[in-house]
Structure formats: structure tokens, C-alpha cells
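First the structure, in the form of C-alpha cells, and then the observations on it.
The values are calculated or read from the model by the stated rules, or taken from the named source; none is laboratory data. The structure displayed is predicted, hence computed values, not measured ones. Using ideal geometry, Cβ is built from the backbone for each residue, glycine included, and neighbour counts are taken over all protein chains shown.
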Amino acid sequence: MNIGKLSIKNIFHKPLYSLLSLISLAISIGLLIGIRQMDTSIRRHFENSTGKIDMIIGAKGSPLQLVLSSALHIDNPTGNIPYRQAKKIAKNPLIKSAVPISYGDNYKGYRIVGTTQGFAPLYNAELQKGRSVQKPMEVVLGHSVAEKLKLSIGDTFLSSHGLVEEGAHQHSEPLTVVGIYKPAYKVIDRLIITALESIWEVHHHGHHDNEHDKHEEHEEEGHEEDGHKEITSMLVSFRSPSAFLTLPRQINENTNMQAVLPKYEMERLFQYTGVGVQAITWLAYTVLVISCITIFISLFKMVKERAFDLALLRTYGASNLQLVKIVAYEGFLIGLIAWMVGVLLSQMGMYYIFEILQENFKQIDIQKFPWQEALQIGVLVLFMIMLSITMAIPPILKMNISNILSNEK
Amino acid sequence: MIHSQSITYRYPKKGDGFSFPDISLKNGEHLLVLGASGIGKTTLLHLIAGLLTPNTGSVFIEKTCLQTLKSKELDRFIGQNIGLVFQQNRAVTSLNVMENIKTRLFFSNVDYNHDEVSALLGQLNLEDCKDKKINELSVGQLQRLGIALAVVHRPKVILADEPTSSLDDKNCHSVLNLLLQQAEINNANLIVITHDHRIKPFFQKSIML
């Protein structure tokens, strides 16, 4: 027998009460860790994905949709814009670089982006193997794509029309892997990069197979001339901050294209989701406080109702400190188990949620287990439990053994 | 061996204090303390047991004066040298019989010896309830467990507070016999305080408060 065992016996002496404290504490810990992990995962993902993109020029429509589709690659594009018009804007001296992108195809759910050599530097992506795209129908794979699809240099595959895996029409021209990027931990990891011409070419030939695709019919009319070619959007980075104020307005007012600032749109998005995160966080803190009160009541009840037992232990030779330890270990043990169960719950929850998310957007990566946050919450719980214990022990210290033993009934 | 010298005690906020006759027992000697209710019997017992500190005077067990010990040393000394038997015996309710015995030994800093404990439980007719919970015990079993918990660590002094007042004649005799037998085995002094005159014949030495 020892102090720890006595604490455990106390916990099992009132199993339902202990279980209540444990479950409510574990749920609040799980919620706190889970919500923070999810929030940072999504936030980091979004912030990372925009890379060095200061502005996106695309077809008119929802600005958020343009950001989601062209920067994060998780939504459908707003439409196409004429390449020539976009290039004209790119000549503005305030613009450092302007990278056209064009997309609409996928391979096993991974998006194929037609672009120029300027795309990879936006995400600081470097080649790990092979070379960059030099001819149409060559592709460089993002690191995750190569890893998940087990593709290597020299492999060929057929792309499918549409942005999701289920898209039925398969194109007939094979794409050849010529390079693989190093992990950049940004959206480029999950993209297949090719030349703009590949997209145009595929859709030009594709047209003969799908007569009913009206969009492509328009495209076909002048595809040889640069002037009539279309791109989905243009990713722009500025030379000077003053461009933030002037350029978007200029484009939005004077052309039939729209210009959006991804960082601004992202901030707006977080404001919406932030309310939900805040609400869940406060709810979790409330549950945390309630469960600590439950633990306090449980410990205090033990000290009060079982004063005779404790006095008895004192006559056995137990010191005050040992009795305090019995109570404290009980609290800490429940806290520790609850923390572990909470961490487990949060990870199971995260896994489940991201499993669902993965089906819709292949791009979002779950953030690695946030040890720092889990430990922060652990420290908070430790502090709350210490407070509960501190409030529960004064009756032990004030205990008059003689009095308790002679008033036995 | 136990020896007390001119001890007095006064409860805070209560009028008159108590002053107690000196007690002096050699090894193997037992004492009966008789007195009506409210005369301070339990107070005397708790003073000897070190649970209360006298205002004046001192208590010696073997050669140790309880009043010179620091609080932590006193806790340890009580745990190792004194066994208390209560009128209505209680044990720690979250533990079973055997766990109570082991807990007692743990706090008294005495190693668990399976043979000795089994022998003791045999003498007290408790071997069948080793694994029983406290609330499953009969009144008689609980009383005998109380005695077991008071003697299992081989104390120098066994102090019993009204151990028989709620018992019928037959049980009264058996409890006293057990107490005397355990005191004998452990070579301990037994001090019983009671208002129960039935047990007078069991003791050679007695004092009246």
C-alpha cells in the first residue's frame, strides 16, 4: 500500500463521480486542442498557399471564389479572361511579376495547372529531380502528388476534364513527368504543373471528342493567335506597396476583369470562421471550468465526509502532508488521464474531420500534432486542478483529530 | 512501559480544565480507567495517545517524552507505538479488510509480513473476510477488525475507548479477552477507559476518575 494506491482507491470508491469529472474534463481538453489545431491548420494552409501573390486578376464574379480557386485551388474558377488583356496590365511598372495560370483538368483529383516558369518561384519551390517544363505535354509534379500517386520521371498519364476525380471525360494526349519538386509545404505540393500550351492543346484536341462543349468551341476559333487565347487568372506580385491602393481599383473600374487582394479576402474569411472558433473555444473553457469545479467538489466532499477516515490515518502515523498528497494525487491523476483522453479525442476528431475534408479538397493537410498547444492546455488544466486541490485541503490542515474521533457516531 | 506526570488539560473556550492522576505501568501491566460520562476519560486517552497536548505535565512511553517531539516525529511515534480501539470501530471505507491492514502498516512504517498478518487474522477469526469491503462486515467482524488494526503493527501501548459499552455480556467478554490476549502477545500495556463496570474483574489495576 502507498499514497498513490490510496488515491486510486478513492477514485474507484466513487466511480460515477470520478467518471463525470474525467469525461467532462477530457471533452473540454479535446475541444480546446481540436479547435486550435483545426484553426491553425486551415489558417496556415491558407496563408501559406497565397505565397507571394499580392493580387489575382480573373473573371468577374465572387472575389472570394477567385482567391479560393486561383490561390488555394479548392474552388471552381470564376471563368476565363483573355490572355492578351491580362498581359497588357502586367506591363504596369508597379508590377514585379505576373504569372498566368490556366486550369480545368485533373489527374486522380490532383489539379493540373498550366502556367509559366514564374509559377514555382511564387512558392519558393525547387526541383528535387529532373528538369522544368520545356515543351507542351510535359509536367512537373508537386512533392505530395508524386508521393501519393507513386509517379516518377518518365511516367506518363492521361488527364481528365474537370477539377474533381469523378470528372468522366479523359483526354487522349498523355502527359509526361519530367520533374518533381522538393516539398514546399505550400499548395504547390499538391499541384501538377505544366505549360500553358498543354492546357490549350489538350482542349483543342479534346474538342473533337466533345462536340457539345460550347466553351471550347469559342476557344477554338482563334487558338493559334496569342491574342485570342484565354487563361483562368493572372497571379501578380507588386513591386511597391502603393500598388495595393491603386491597381485593384484601376482594373475593377476600367476592364471587364476583376482584381482581388488574396490577403484581404483571406482576412475577411477568417472573420467569418473566427466567430465559430471563438464560440467553440469559449464553450470549451466553460466546460473546463465546470469540470474543475466538479473535481473540487469531489475532493472537498471526500475530505469533509470522510474526515473520520482521514483522522484514522493520522492515528496510524500519517502526517498532514501525506493526507494532502492523497487528495492531490487524486486530482492530478484525474487531470492527467483526462488530458490523455482529451488528446486522443481531439486527434480522433481531427482525423475524422480531415477525412471528410480530404474527399472534397485533396489539398488540405492536417497540421502535425500541436504539442505546444496541447502542453499549454495541459499547464492550464494543471493550474486549475492545483487551484481545486488548494481549496479542498484547508479542512485537512484544520482537522482536530481528537475531536473527530471522540464525536464518532 | 508508560508513565504520566501531573497532566492537566483545558479545552479552549470551555470553563474548568481537567487534572488527571498520574499513571505508571511497567511492561506487561494493564490498567482500567473508570468514570462517568463527561469526566474527561476520552480526553485522558487522547492525551496519552498524543492526539492532544497537555497544558502542563508530560507523558512518557518507554523512554520517550511525547511533549518533546516535533509534530512530524510525534505523528510517526504515535503510528509506530500506539494502537487505538474505538467504541464503534471504523476502518477506511474505500478499502477492503486486507487493504486496511496494509495501509495501517504502511503509515506505521512496518513491513508487511504475510505469515504474521495471517496469524493475527486467524486469532481474530477474520481470515474469511480478507477481501470483503468494510460495509459488508457484520458489527462483530468490524469490532475485531478494529482490534486487528490497533495491534497489527506491534504497538507498545494499546488504548481502548469504551470498547464494550454497546455489547452484550457474551461479546463484552470475548472482546476483552481478545484485547488482553493481543496485549499479551505483543507485550504491550493495555489501557481501557470505560463506564462499564462489567469489565472490572479483568483488571488488577484500576483507577477511578
Of (1) touching a Leu at 6+ places or on another chain (Cβ under 6 Å); (2) in contact (Cβ under 8 Å) with a residue 12 or more places away in the chain, A:SER97 satisfies all except one. Which? (1)
With respect to B:GLY146, determine if the residue is assigned to a helix (DSSP H, G or I), within 14 Å of chain A (Cβ to nearest Cβ), under 30 Å from B:LYS200 (Cα atoms) and of a type outside the set (Phe, Trp, Tyr). yes
Conditions: (1) loosely packed, with under 14 Cβ neighbours inside 10 Å; (2) of a type in the set (Asp, Glu); (3) within 14 Å of chain B (Cβ to nearest Cβ). A:GLU267 meets all but one. Number of the miss? (3)
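Could you please let me know if B:LEU180 is away from chain A (no Cβ under 14 Å), in contact with a helix residue (DSSP H, G or I) (Cβ under 9 Å, 6 or more places away or on another chain) and either loosely packed, with under 13 Cβ neighbours inside 10 Å or not in a helix (DSSP H, G or I) (or both)? Break it down stepwise before answering.
Values: away from chain A (no Cβ under 14 Å): yes; in contact with a helix residue (DSSP H, G or I) (Cβ under 9 Å, 6 or more places away or on another chain): yes; either loosely packed, with under 13 Cβ neighbours inside 10 Å or not in a helix (DSSP H, G or I) (or both): no.
No: the conditions fail for B:LEU180.
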Filter the stretch A:329-347 for residues that are within 27 Å of the chain's Cα centre (by Cα), crowded, with 22+ Cβ neighbours inside 10 Å and of a type outside the set (A, V, I, L, M, F, W, C); the one that is nearest to A:ILE35 (Cα to Cα) is A:SER346
Extreme residue, farthest from B:PHE77 (Cα to Cα), among residues of the stretch B:111-155 that are surrounded by 14 or more Cβ atoms within 10 Å (Cβ to Cβ) and of a type in the set (Val, Ile, Thr): B:ILE134
Could you please tell me which pairs satisfy a Cβ distance under 6 Å, a separation of 6+ or placement on different chains, a first residue in the stretch B:27-54 that is over 24 Å from B:THR68 (Cβ atoms), and a second residue that is assigned to a loop (DSSP other than H, G, I, E, B)? B:HIS30/B:PHE203; B:LEU32/B:PHE203; B:GLY35/B:LEU209; B:ALA36/B:HIS195; B:ILE39/B:LEU209; B:LYS41/B:GLY35
Restricting the search to the stretch A:92-121, which residues are crowded, with 21+ Cβ neighbours inside 10 Å and either under 15 Å from A:GLY179 (Cβ atoms) or of a type in the set (A, V, I, L, M, F, W, C) (or both)? A:VAL99, A:ILE101, A:ILE112, A:VAL113, A:THR115, A:PHE119, A:ALA120
Filter the stretch B:163-177 down to the residues that are within 14 Å of chain A (Cβ to nearest Cβ) and either surrounded by 20 or more Cβ atoms within 10 Å (Cβ to Cβ) or of a type in the set (Val, Ile, Thr) (or both) and list them by number. B:PRO163
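Conditions (1) outside the structural domain of A:GLN347 (by TED's automatic domain parsing); (2) without any contact (Cβ under 8 Å) to a residue 40 or more places away in the chain; (3) in contact with a Leu (Cβ under 9 Å, 6 or more places away or on another chain), marked per residue:
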| site | (1), (2), (3) |
| --- | --- |
| A:ILE11 | no, no, yes |
| A:MET38 | no, no, no |
| A:SER70 | yes, no, yes |
| A:TYR103 | yes, no, yes |
| A:ASN106 | yes, no, yes |
Looking at the stretch A:278-300, can you tell me whether even one residue there is of a type in the set (S, T, N, Q), touching a residue at least 40 places away in the same chain (Cβ under 8 Å) and within 14 Å of chain B (Cβ to nearest Cβ)? yes
With the requirement that a residue be surrounded by 16 or more Cβ atoms within 10 Å (Cβ to Cβ), closer than 16 Å to A:LYS87 by Cβ and polar (S, T, N, Q), what does the stretch A:241-261 give you? A:THR255
Check every one of the helices (runs of 4 or more DSSP H) wholly within the stretch A:142-220 and list those with 1 or more residues that are modelled with pLDDT of 75 or more. A:143-149, A:196-209
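Which helices (runs of 4 or more DSSP H) does the stretch A:229-328 wholly contain that include 1 or more residues that are closer than 30 Å to A:ALA90 by Cβ and within 33 Å of the chain's Cα centre (by Cα)?
Details: elements: A:243-254, A:262-305, A:307-315.
Result: A:243-254, A:262-305.
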Please specify each residue of the stretch B:31-74 satisfying the condition of being among the polar types (S, T, N, Q), within 14 Å of chain A (Cβ to nearest Cβ) and part of a helix (DSSP H, G or I). B:THR42, B:THR43, B:SER71
Which of the residues that make up the stretch B:183-209 are part of a strand (DSSP E or B) and β-branched (Val, Ile, Thr)? B:ILE191, B:VAL192, B:ILE193, B:THR194, B:ILE207
Do you know which of the residues in the stretch A:301-311 that are without any contact (Cβ under 8 Å) to a residue 60 or more places away in the chain and within 9 Å of another protein chain (Cβ to nearest Cβ) is surrounded by the most Cβ atoms within 10 Å (Cβ to Cβ)? A:ASP309
Please verify whether A:SER70 is surrounded by 21 or more Cβ atoms within 10 Å (Cβ to Cβ) and either acidic (Asp, Glu) or in contact with a helix residue (DSSP H, G or I) (Cβ under 6 Å, 6 or more places away or on another chain) (or both), treating the condition exactly as stated. no
Which residues, counting only those in the stretch B:112-128, are assigned to a loop (DSSP other than H, G, I, E, B) and more than 9 Å from chain A (Cβ to nearest Cβ)? B:ASN113, B:LEU124, B:ASN125, B:LEU126
Among what's in the stretch B:75-111 and is of a type in the set (Asp, Glu) and in a helix (DSSP H, G or I), pick the residue that is nearest to the other protein chains (Cβ to nearest Cβ). B:ASP75
So A:ILE35 clears everything in (1) touching an Asp or Glu at 6+ places or on another chain (Cβ under 7 Å); (2) surrounded by fewer than 23 Cβ atoms within 10 Å (Cβ to Cβ); (3) of a type in the set (A, V, I, L, M) except one condition, right? Which one? (1)
